[in-house]
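Asks: Before anything else, here's the structure in question.
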Amino acid sequence: MLKALLKPLFFTILVLLSLVLGGCDEVSKDPLKVGTVLWPGYEPLYLAKEHSFFEGQDVELIELPSSTGVIRAMKNGSLQAATLTLDEAISLLVSGVDIVIVTALDVSQGADMVIAQEPFTSLNDVKGKRIGVDTGAVGAVMLVGFLEFAGVSASEVEIVPLSIQNHFAAFHEISVDIVVTYEPVAGELLRAGGHRVFDSSKIPNQIIDVLVVRRDAVVHYSRQLQLLVNGYFSARKLMEKDQQAALMLMSKRSDITKEHLDKAYEGLHLASLEENRIWLGRCGQFMGKRIQNLSKLMKTHGLIDSVPNDHLICDATWVQEVVQ
């Protein structure tokens with residue numbers, strides 16, 4: 001009789017143990033690998049690293065030369081997370097990589113620019129010009145906005161595919177007449193004599209930078225992800241408390257002068273923690289709507305073959321848990 005009673009109990013214990021042990025196997029102790037590019041909106045992450053907010057080796061920030069490289073690394077799984085513009089995140093999603101947005105970092109309000117060798121007397125001057133642009137990244141959306149603003153079709157200009165690391169050299173060598181670029185390269189080109197003819201303030205809320213994570217990494221790296229988001233907002237708090245000290249540290253790392261970095265931030269709105277909780281927490285009303293609208297725009301202009309099946313890819317879990 002006792003043996004008959006103990007048998008189901010023993011089986012239940014075995015099942016519970018297997019679930020517990022299986023759950024432990026799912027949690028990774030490896031660092032969360034986060035891909036970035038050089039962009040003022042991403043510098044608070046490196047400021048957090050400088051202040052050891054990521055607790056040792058739990059987060060590994062990897063700066064790559066271009067967003068195209070970051071997207072490639074996300075596709076092949078060598079990165080678990082990345083900082084991307086919203087259009088880049090949409091392209092990644094459409095390519096078959098299941099991702100979630102866990103933090104809204106910034107909204108470009110002039111930091112993405114179209115810079116010309118000579119000022120235009122008329123927007124018709126755009127016709128026939130060679131336009132350098134990284135077509136695999138945010139530049140494509142900027143180019144669409146610029147051409148619509150100028151009332152010129154893509155067939156009336158010469159598109160020159162150009163990665164961000166080649167923007168300055170191509171412009172300096174007059175290999176292109178116009179370049180679609182962003183800070184800090186944009187600032188360098190302006191200081192070298194270039195002329196701003198268009199910027200992201202003309203297409204409000206289209207150039208948004210976000211922190212995305214592969215969905216298959218969320219469970220395994222949830223602890224590291226919380227450290228990353230906590231550290232980012234701790235760094236943002238430092239920027240608010242002592243902007244000059246923060247600029248000095250970020251300037252040394254990025255090799256951008258403190259004055260030029262400060263100027264670059266004038267064209268950016270850094271999303272607050274409160275905004276993140278609203279934008280991501282009410283995804284259908286805010287971030288999801290922006291994803292839906294931008295996806296339609298990208299599809300219309302041939303930047304993606306189809307719109308994402310799901311535009312509600314926000315997860316506010318980690319911003320909700322931030323304590324300041």
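Asks: Among the residues that make up the range 48-66, is at least one of them crowded, with 24+ Cβ neighbours inside 10 Å and under 23 Å from Gly302 (Cβ atoms)?
Replies: Taking every residue of the range 48-66 in turn, none turns out to be crowded, with 24+ Cβ neighbours inside 10 Å and under 23 Å from Gly302 (Cβ atoms).
Asks: Then there is this: Could you figure out which of (1) buried (at least 18 other Cβ atoms within 10 Å of the Cβ); (2) in the same structural domain as Val213 (by TED's automatic domain parsing); (3) of a type in the set (Asp, Glu) isn't true of Asp98?
Replies: That leaves (1) as the condition not met.
Asks: Tell me whether the range 151-163 contains one or more residues that are out of contact with any Leu (no Cβ under 7 Å at 6 or more places or on another chain) and buried (at least 24 other Cβ atoms within 10 Å of the Cβ).
Replies: No, that holds for no residue.
Asks: Mind counting the residues in the range 245-304 that are free of Cβ contacts under 8 Å to residues at least 60 places away in the same chain, touching a Leu at 6+ places or on another chain (Cβ under 8 Å) and of a type in the set (S, T, N, Q)?
Replies: To start, the set of residues in the range 245-304 that are free of Cβ contacts under 8 Å to residues at least 60 places away in the same chain comprises 245, 247-248, 251-252, 255, 257-259, 262, 272-274, 277-278, 281-286, 288-289, 292-293, 296, 299-300, 302.
Pick out the ones that are also touching a Leu at 6+ places or on another chain (Cβ under 8 Å) and you get 245, 247, 251, 258, 262, 283-284, 286, 288.
If we keep only those that are of a type in the set (S, T, N, Q) too, we end up with 251.
Of the residues in the range 245-304, 1 are free of Cβ contacts under 8 Å to residues at least 60 places away in the same chain, touching a Leu at 6+ places or on another chain (Cβ under 8 Å) and of a type in the set (S, T, N, Q).
Asks: Also: Specify the residue that is nearest to Leu64 (Cα to Cα); the eligible residues are those in the range 112-123 that are among the hydrophobic types (A, V, I, L, M, F, W, C) and either in the same structural domain as Ser272 (by TED's automatic domain parsing) or assigned to a strand (DSSP E or B) (or both).
Replies: This residue is Met113.
Asks: Given the condition over 29 Å from Ile313 (Cβ atoms) and touching a His at 6+ places or on another chain (Cβ under 8 Å), answer yes or no: does some residue in the range 196-215 qualify?
Replies: No; the residues of the range 196-215 include none that is over 29 Å from Ile313 (Cβ atoms) and touching a His at 6+ places or on another chain (Cβ under 8 Å).
Asks: Is there a residue being in a loop (DSSP other than H, G, I, E, B), at pLDDT 95 or above and farther than 23 Å from Thr300 by Cα anywhere in the range 129-146?
Replies: yes
Asks: Being closer than 11 Å to Ala217 by Cα and touching a helix residue (DSSP H, G or I) at 6+ places or on another chain (Cβ under 8 Å) is the filter; apply it to the range 27-41 and report the residue that is surrounded by the fewest Cβ atoms within 10 Å (Cβ to Cβ).
Replies: Val27
Asks: Can you confirm whether the range 169-177 contains a residue that is among the charged types (D, E, K, R), touching a Lys or Arg at 6+ places or on another chain (Cβ under 7 Å), at pLDDT 95 or above and surrounded by 14 or more Cβ atoms within 10 Å (Cβ to Cβ)?
Replies: yes
Asks: Scan (1) modelled with pLDDT of 95 or more; (2) touching a Gly at 6+ places or on another chain (Cβ under 7 Å) for the single condition Thr103 breaks and write down its number.
Replies: (2)
The values are calculated or read from the model by the stated rules, or taken from the named source; none is laboratory data. None of the values given here were measured: they were computed from a predicted structure. No Cβ is skipped: glycine too gets one built from the backbone with ideal geometry, and neighbour counts run over all protein chains shown.
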